[in-house]
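Heads up, the thing below is written out as structure tokens.
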Amino acid sequence: MKVIRYYLMFLMLILVSSCDQEGELGYAGIYEDSFPPQPGDKYNEVEENPFVQVSEQAISTFSVDADGASYANVRRFIQQDNQLPPKFAVRTEELINYFNLDYDYSDASHPINLNGEVSLCPWNTSHKLIRIGIKGKPIPDAELPSSNFVFLIDVSGSMGSEDKLELLKSGFKNFVDQMKVTDKIAIVTYAGSAGVVLQSTTGQDKNIIKQAIESLGSGGSTAGAEGIITAYEIAQANFIDGGNNRIIVGTDGDFNVGISSQEELIALIEEKRDFGVFLTVLGVGRGNLNDGMLEQIANNGNGTYEYIDNIEQMRKVFIYEYNKFFTVAKDVKVQVEFNSDNVEAYRLIGYENRLLSEEDFEDDTEDAGEIGANQNITAIYEIIPIENINYRDVPTFQVDFRYKQPDSETSIPINLDIYDQGNDFSSSTDYMKFCSSVAAFSMLLTDSEYKGTSNYDEVLNWLDQVNLNDQHQFKSEFRELVVKAKDL
């Protein structure tokens, strides 16, 4: 009996200690009890976009977001941890843009093509939905330019688990197999300080590159800023004019030596982004994932952010969608002007931390998102329509876009007018049905006040009406994720 009593006391001490520690953790934002964070993970708080009256502000402006990190992280919570994700881990635009939608690209006069549609809103039938689609120019493998890559790999002590450094090493070795002989890769690591493991090496020496990757081990503190500075120096020293120059960072974001605050790191990245070097940030692990910082580093550094939760995700990023490492348009901005004859109010679903002012749209010094080769970007608005018997005769909205060529600092405008054809949701495109299903799933996860009549069964029903290309089964996997989230 004494043994049992001591054992129970020991368990109680652990529980009390855990509660004390959790109370001290610096989470970004306040979580409801129904959305518990992973202890130590950090997310930036965002406030969901509200409805805006067209009579007060007819124009909505935002930067595109090509990231897919939030979806993979949400998947990890549901699949691996058997729990719903914390509220601020869910960024709707990243859930939608995780998926390849095979939008059409037929106008070679621009590196991006546009499409859009209007339909009834399935979770509030008195409202309508607007879908805006962007497609990046496809580039055949044989025509991809030569690349100058720098791998910047966190080898600090926090990276020691199998789901961090070892997962990255496996993926980076697969990445090497995609190299052409004219490509170059250098490897920079950082722990207590930054070090160059491999000087820039061509694709003729794949085995040497792989051996350098395999040799990596973890230990020490995390001097992330020093690693970033070193990586940019090497990228600039090996710069390929007219080529693809990119740093690929693999880390949990637990920077704790030197410059380490989010604001300071963003300022550092902003200094570097004008050198013509693009950025891919890969987040890994759980327990001390600084998701908020990694997303902002990518957003402010001509970059994209992906989260790696398993080896198949590494294949998606490094093999299936390798073309996305080749930017076809940068600083892509979207400005939507709603027609007051047709629209009373509108709400942009997602993109909360990508909003721009109206003046930012034509300001070529204002940073915005990038689009890679063959990549698709989608944005959805929910609108409150106005009773107008002639609604088909005038555009419901006009979309203006501005983008820059990867090696230019001057933006190029294009536009698209979208008319409401009176389609209900069932007669909308499969693109609309699928993206709306993902958006509704996101609103259910966050218990959005705008979720309307959405529920998991409805989302599954909408998904069952979709017939889109699913070569790698990611869309099928999403359906399974909805089923599991419903059970949780």
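Where a number appears in this text, it was derived from the coordinates with a stated rule and is not lab data. From a predicted model like this one, the values you see are computed outputs, not experimental measurements. Every residue, glycine as well, gets a Cβ built from its backbone with ideal geometry; the counts of neighbours run over all protein chains shown.
Within the range 141-325, antiparallel bridges make up roughly 20 percent of the DSSP beta bridges whose residues both belong there.
Return the ratio Rg/(2.2 N^0.38 Å) for the range 394-470, where Rg is computed over Cα atoms only.
1.49
Taking 0.36 nm per residue of separation and subtracting the Cα-Cα distance, full extension of the segment from Ser476 to Asp177 would add 104.9 nm.
What ratio of Cα Rg to 2.2 N^0.38 Å holds for the range 327-400?
Details: Rg = 14.7 Å, N = 74, 2.2 N^0.38 = 11.3 Å.
Dividing the Cα radius of gyration by 2.2 N^0.38 Å gives 1.30.
Considering only Phe478, Asn174, Ser340, and ranking their Cα positions along the charge dipole of the chain that arises from unit charges at the beta-carbon of Lys, Arg, Asp and Glu, the one farthest toward the positive end is Asn174. Work from the charge dipole of the chain (Cβ charges, +1 for Lys and Arg, -1 for Asp and Glu, about the Cα centre) and give the residue of Val394, Asn73, Val277 farthest towards its positive end. Checked the options; the winner is Asn73. Using θ = phi - 60° in the Karplus curve 6.51 cos²θ - 1.76 cosθ + 1.60, the 3J(HN,Hα) couplings for the range 366-377 round to 7, 6, 8, x, 10, 10, x, 4, 6, 8, 10, 10 Hz; x is entered for Gly and Pro. When the Cα positions of Val249, Phe99, Met159 are compared along the charge dipole of the chain, Met159 comes out farthest toward the positive end, with charges on each C-beta of Lys, Arg, Asp and Glu. Scanning residues 5 or more positions from Val197 or on other chains, those with amide H under 5 Å from its amide H are Ile187, Val188, Thr189, with H placed 1.01 Å from N in the peptide plane.
From least to most packed, judged by other beta carbons within 10 angstrom and beginning with the fewest, Leu468, Leu445 follow the order Leu468, Leu445.
Take the Cα of Asp417, step 7 Å toward its Cβ, do the same at Glu143, and the gap between the two points is 3.1 nm. Calculated mean residue ellipticity at 222 nm for the chain: -8500 deg cm²/dmol, from DSSP H runs with n ≥ 4 weighted as -39500 (n - 2.57), summed, divided by the residue count and rounded to 500.
In terms of other Cβ atoms within 10 Å, Ser411, Ser106, Ser357 run from fewest to most in the order Ser106, Ser357, Ser411.
Structure note, pairs Lys210/Lys316; Lys324/Lys486; Lys137/Lys169; Lys206/Lys330; Lys184/Lys210: Cα-Cα distances above 24 angstrom occur for Lys324/Lys486; Lys137/Lys169; Lys206/Lys330.
Summarising the overall dimensions of the chain from its C-alpha atoms, the Rg and Dmax are 23.1, 83 angstrom.
Placing unit charges on the Cβ atoms only, positive for Lys and Arg and negative for Asp and Glu, gives the range 417-468 a dipole magnitude near 100 debye about its Cα centre.
Here the 3J(HN,Hα) profile of the range 281-288, calculated from phi with Karplus coefficients 6.51, -1.76 and 1.60 at θ = phi - 60°, is 10, 10, x, 9, x, 8, x, 8 Hz, Gly and Pro shown as x.
Test of understanding: what is the full-extension gain from Ser106 to Glu358, defined as 0.36 nm times their sequence separation minus their Cα-Cα distance?
Contour length minus the Cα-Cα distance gives 87.8 nm.
The fewest-to-most ranking of Leu355, Leu488, Leu95 by surrounding Cβ atoms within 10 Å reads Leu488, Leu355, Leu95. Seen through its C-alpha gyration tensor, with square-root eigenvalues sorted a ≥ b ≥ c, the range 252-387 comes out prolate because a/c lies at 1.5 or above while a/b is bigger than b/c.
Evaluated with a Cβ-only charge set (Lys, Arg +1; Asp, Glu -1), the chain carries a dipole of roughly 1840 debye about its Cα centre, given to the nearest 20.
Explain nothing, just the number: relative contact order of the range 141-325, from Cα pairs under 8 Å at least 6 residues apart, as a whole percent. Reported relative contact order: 25 percent. Kirkwood radius, the range 141-325, all distinct C-alpha pairs, inverse of mean reciprocal distance: 16.0 Å. Only beta bridges with both residues in the chain are counted; by DSSP, about 65 percent of them are antiparallel. Under a 5 Å amide H cut-off, with hydrogens placed 1.01 Å from N, Glu117 pairs with Arg131 among residues at least 5 apart or on other chains. Put simply, the amide H of Gly350, placed in the peptide plane, has neighbours under 5 Å in Asn49, leaving out anything fewer than 5 places away on its chain. Using the Cβ-Cβ distance between Glu387 and Glu166 with R0 = 56 Å, the FRET efficiency computed as 1/(1 + (r/R0)^6) comes to roughly 0.40. What you get for the range 141-325, charging only the Cβ of Lys and Arg (+1) and of Asp and Glu (-1), is a dipole of about 480 debye around the Cα centre.
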